[in-house]
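The structure appears below as structure tokens.
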Amino acid sequence: MEPPPPPPPPPSGTTVTQRDQWRVEQEVGRIYSFFAQLPPAAQSFALEVQRDNHIEYLTRGLRGLAPSFGSLDASRPWICYWIIHSLALLGEPIDAELEDSVIDFLSRCQDPSGGYGGGPGQLPHLATTYAAVNSLITLGGSRSLSSINRDKVHNFLRQMKQPSGGFRMHDGGEIDVRACYTAISVASTLNILDDELAEKVGDFILSCQTYEGGIAGEPGSEAHGGYTFCGLATMILINEADRLDLSRLIDWVVFRQGVECGFQGRVNKLVDGCYSFWQGGACALLQKLHPFGLSEGGEDESTDSIDSSLYAASNVSEQEEQENNLESASPQVDGTCQFKQGGPQSASCSINTGNASYNFLERRAEGGSLFNSSALQQYILLCSQLPEGGFRDKPGKFRDLYHTCYCLSGLTVCQYGRSKHADSPPLPWDVVGPYSNLLEPIHPLHNVVLSKYQEANEFFAG
Amino acid sequence: MDGRRIVKVRRLHHRRWVAEKLGPDAASRELEFTRKIFFLDAKNYHAWSHRQWVLQALGGWEDELDYCAQLLEEDVFNNSAWNQRYFVITKSPFLGGLKAMRDSEVDYAIEAIDANPENESPWRYLWLNDSRVHSACLRVLKAKRNFKFALSTLLDLLGLGFKPNQEIKDAITSLRTSDSGEAGSDSDLANSICSILAREDPMRANYWTWRSSKLPQAAEV
């Protein structure tokens with residue numbers, strides 16, 4: 001196969017943003033064009049989730065991680081979560097010995113006065129607490145779950161709580177929306193969420209919704225996909241989502257999906273595979289919120305046609321416009337696709353915050369996806385996925401465990417995006433590629449595999 | 001060079017601690033520090049948060065609006081600079097707040113829209129119902145290029161009770177195509193906009209269909 005000709009240089013008189021965007025569109029366009037001219041069998045293969053290679057990449061990562069005690073790297077609980085969650089999404093069990101060493105390692109990260117640090121002896125931190133707790137829940141089983149000292153975690157959360165309502169990441173650390181999310185999510189999954197922890201969190205997050213509609217990390221900062229997911233999920237967990245300007249939020253999020261078919265994190269920034277989860281996941285949450293309480297509609301059929309759209313992509317050559325945009329290449333969505341709203345019954349918000357997370361699963365997501373699910377799957381599978389294992393931000397970047405986790409998380413969000421309930425199996429046409437691409441469903445607020453969340457929910461219910 | 005590697009959140013947070021101890025004298029040094037980062041990576045998220053913290057805690061507002069203008073001169077698509085503009089307009093003790101600055105900011109944003117109607121930043125910046133906004137939308141529609149934000153803005157305005165004039169209605173009608181199925185029985189302007197957008201902005205076809213489904217029944221014809 002001959003290498004493709006080098007791309008033409010970007011048009012003159014353009015800004016940094018335009019040039020960077022143009023380069024990415026060229027790269028992505030080439031991938032889609034190449035795909036479009038493949039014979040059907042090769043196309044099928046290109047759209048397959050390369051399970052075995054991902055599992056090998058992930059397992060190697062886990063083995064390399066567990067025994068290393070010397071490093072002062074503070075992100076090992078995160079790496080645990082990225083790997084363990086990814087393996088769980090792929091439905092791959094973890095070898096018992098490896099599992100035990102992870103549980104032991106995370107136990108040693110637990111601070112005597114509460115919370116988890118980045119490594120043994122390191123000060124506790126909300127983000128690593130979230131990662132550790134999610135990892136242990138994903139591993140499941142009584143040894144893993146009982147290793148979590150809930151009372152001490154509760155103390156730690158109370159210590160991080162600020163008078164303003166927000167949370168500090170760690171002692172002397174930053175106060176932001178991500179800290180709020182990690183705190184409230186952990187409190188919810190461990191069933192230790194109380195009024196004291198929830199108090200005024202909503203006020204803080206509300207102050208972070210910007211004029212654009214998205215949510216920022218701190219008041220005044222720019223609307224950003226990661227913080228938007230965190231802010232929205234937190235508001236749902238404390239039953240205050242209706243305080244947000246939801247229509248403006250929805251408008252901001254849906255416009256983050258670009259011609260490349262993936263999501264960007266901010267306006268005029270580049271597409272990145274990890275936003276498949278942060279932005280795609282936010283859309284999935286919004287779909288379940290039924291902010292406008294309209295009555296249910298009729299049947300929903302989407303016949304997203306990838307073949308015709310990618311054929312269009314292969315015809316994108318010279319453009320008159322400076323920016324060579326690929327809008328004609330975006331997948332055609334059947335115009336009869338209806339995005340339906342659920343009935344008003346699901347709008348009743350229980351004040352009992354302890355059940356908000358579990359109750360949210362019961363809400364029915366009616367009708368179509370708010371975002372273009374098949375386009376996003378296309379980006380994840382063709383542009384982010386590496387056939388040799390792992391996922392990356394975008395073509396030209398290297399794979400890493402963070403992107404592997406969040407691309408897979410985004411993929412499952414897409415696959416289950418139109419399922420009536422959180423774990424009902426999707427219809428074949430909702431899964432891009434072979435149906436064997438289907439991943440495990442997640443709890444959309446915590447990003448933990450649903451069956452594991454349910455096991456933990458029962459375990460901590462007492 | 002990837003700006004993210006230059007900026008570690010922990011170090012920035014430590015800088016805040018140090019700067020707080022030093023007081024207002026530290027302001028210009030901290031502002032200069034972030035300026036250097038922006039030279040390499042003009043959208044660096046944590047550097048912008050740090051800069052905002054410096055302004056609020058230590059001052060230095062006087063030149064900030066000019067700095068935003070300079071960054072936008074270099075790259076009008078820099079959404080971080082637009083966000084900073086909003087921050088300065090609303091928070092600077094020298095500018096009189098949103099009410100005082102509204103007129104000049106509307107003009108500024110519209111100028112950016114006229115130059116690059118495909119630039120989402122100034123459209124999101126325009127949070128005001130203003131006749132200059134209506135005219136800008138009309139100009140973009142008439143050019144029949146890069147009009148999705150213009151249509152989307154008009155749709156939002158209709159939702160706020162805006163009554164479009166005949167010129168705008170005609171411009172919208174002229175974007176409908178006879179063979180796309182939306183002409184004919186559908187005389188509702190907002191529905192027309194949704195149909196056009198479902199066609200012109202297929203990535204968001206589901207969204208436009210949903211918007212259309214939640215339109216109030218008594219929409220302006």
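The values are calculated or read from the model by the stated rules, or taken from the named source; none is laboratory data. Source: prediction; values computed, not measured. Cβ sites come from the backbone with ideal geometry, for glycine too, and all protein chains shown count toward neighbours.
With the requirement that a residue be over 16 Å from A:ASN437 (Cβ atoms) and aromatic (Phe, Trp, Tyr), what does region A:363-395 give you?
A:PHE371
Starting from region A:158-171, take each residue that is surrounded by fewer than 22 Cβ atoms within 10 Å (Cβ to Cβ) and list its partners that are among the hydroxyl-bearing types (Ser, Thr, Tyr), counting only C-beta distances under 6 angstrom and pairs at least six apart or across chains.
No pair meets every condition.
Please go through (1) surrounded by fewer than 21 Cβ atoms within 10 Å (Cβ to Cβ); (2) within 12 Å of the chain's Cα centre (by Cα) for B:SER121 and return the number of the only condition it doesn't satisfy.
Going through (1) surrounded by fewer than 21 Cβ atoms within 10 Å (Cβ to Cβ); (2) within 12 Å of the chain's Cα centre (by Cα) one by one, B:SER121 breaks only (1).
Within the set of pairs 6+ apart or on separate chains, which have a first residue in region A:9-32 that is farther than 16 Å from B:ASP41 by Cβ, a second that is aromatic (Phe, Trp, Tyr) and part of a helix (DSSP H, G or I), and C-beta atoms under 6 Å apart?
Qualifying pairs under 6 Å: A:PRO10/A:TRP22.
Among the residues of region A:228-265 satisfying the criterion of being more than 10 Å from every other protein chain (Cβ to nearest Cβ) and of a type in the set (Phe, Trp, Tyr), which is nearest to A:CYS407 (Cα to Cα)?
A:PHE263
Assess whether A:ARG364 counts as being farther than 25 Å from A:GLY29 by Cβ, surrounded by fewer than 24 Cβ atoms within 10 Å (Cβ to Cβ), more than 13 Å from every other protein chain (Cβ to nearest Cβ) and among the basic types (Lys, Arg).
yes
Starting from region B:61-79, keep only residues that are within 15 Å of A:THR17 (Cα to Cα), then list their pairs with residues that are at pLDDT 95 or above and surrounded by fewer than 11 Cβ atoms within 10 Å (Cβ to Cβ) whose Cβ atoms are within a distance under 9 Å, requiring at least 6 positions of separation or different chains.
Pairs found: B:VAL76/B:ALA115.
Conditions tested, residue by residue: (1) assigned to a helix (DSSP H, G or I); (2) charged (D, E, K, R).
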site	(1), (2)
A:THR228	yes, no
A:THR234	yes, no
A:ASN239	no, no
A:ASP242	yes, yes
A:SER247	yes, no
A:VAL267	no, no
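Quick one: which of A:ASN315, A:ASN359 is of a type in the set (S, T, N, Q) and modelled with pLDDT under 65?
A:ASN315
Which of the residues belonging to region A:98-140 are among the small types (Gly, Ala, Ser), in contact (Cβ under 8 Å) with a residue 40 or more places away in the chain and not in a helix (DSSP H, G or I)?
A:SER113, A:GLY114, A:GLY115, A:GLY117, A:GLY118, A:GLY119, A:GLY140 - these are the residues of region A:98-140 that are among the small types (Gly, Ala, Ser), in contact (Cβ under 8 Å) with a residue 40 or more places away in the chain and not in a helix (DSSP H, G or I).
One residue is enough: does region A:442-459 have a residue meeting the conditions among the acidic types (Asp, Glu), at negative phi and touching a Cys at 6+ places or on another chain (Cβ under 7 Å)?
no
Only one of (1) surrounded by fewer than 17 Cβ atoms within 10 Å (Cβ to Cβ); (2) more than 30 Å from A:PRO9 (Cα to Cα) fails for A:HIS125. Which number is that?
Going through the list (1) surrounded by fewer than 17 Cβ atoms within 10 Å (Cβ to Cβ); (2) more than 30 Å from A:PRO9 (Cα to Cα), A:HIS125 breaks only (1).
Restricting the search to region B:21-41, which residues are surrounded by fewer than 19 Cβ atoms within 10 Å (Cβ to Cβ) and within 12 Å of chain A (Cβ to nearest Cβ)?
B:PHE39, B:LEU40, B:ASP41
Residues are listed down the side, and each one gets a yes or a no for (1) of a type outside the set (Phe, Trp, Tyr); (2) in a loop (DSSP other than H, G, I, E, B):
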{"position": "A:VAL153", "(1), (2)": "yes, no"}
{"position": "A:GLN159", "(1), (2)": "yes, no"}
{"position": "A:GLY172", "(1), (2)": "yes, yes"}
{"position": "A:ALA179", "(1), (2)": "yes, no"}
{"position": "A:ASP203", "(1), (2)": "yes, no"}
{"position": "A:TYR211", "(1), (2)": "no, yes"}
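Scan region A:204-214 residue by residue and report those that are farther than 15 Å from A:GLU240 by Cα and in contact (Cβ under 8 Å) with a residue 12 or more places away in the chain.
Selection gives A:THR210, A:GLU212, A:GLY213, A:GLY214.
How about region B:75-84: which of its residues are more than 7 Å from chain A (Cβ to nearest Cβ) and either polar (S, T, N, Q) or surrounded by fewer than 21 Cβ atoms within 10 Å (Cβ to Cβ) (or both)?
B:GLN84
Every residue, every condition in (1) at pLDDT below 95; (2) closer than 20 Å to B:ARG15 by Cα; (3) in contact with a helix residue (DSSP H, G or I) (Cβ under 8 Å, 6 or more places away or on another chain); (4) more than 10 Å from chain A (Cβ to nearest Cβ), yes or no:
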position	(1), (2), (3), (4)
B:ALA47	no, yes, yes, yes
B:ALA57	yes, yes, yes, yes
B:GLY60	yes, yes, yes, yes
B:GLU64	no, no, yes, yes
B:GLN70	no, no, no, yes
B:PHE87	no, no, yes, no
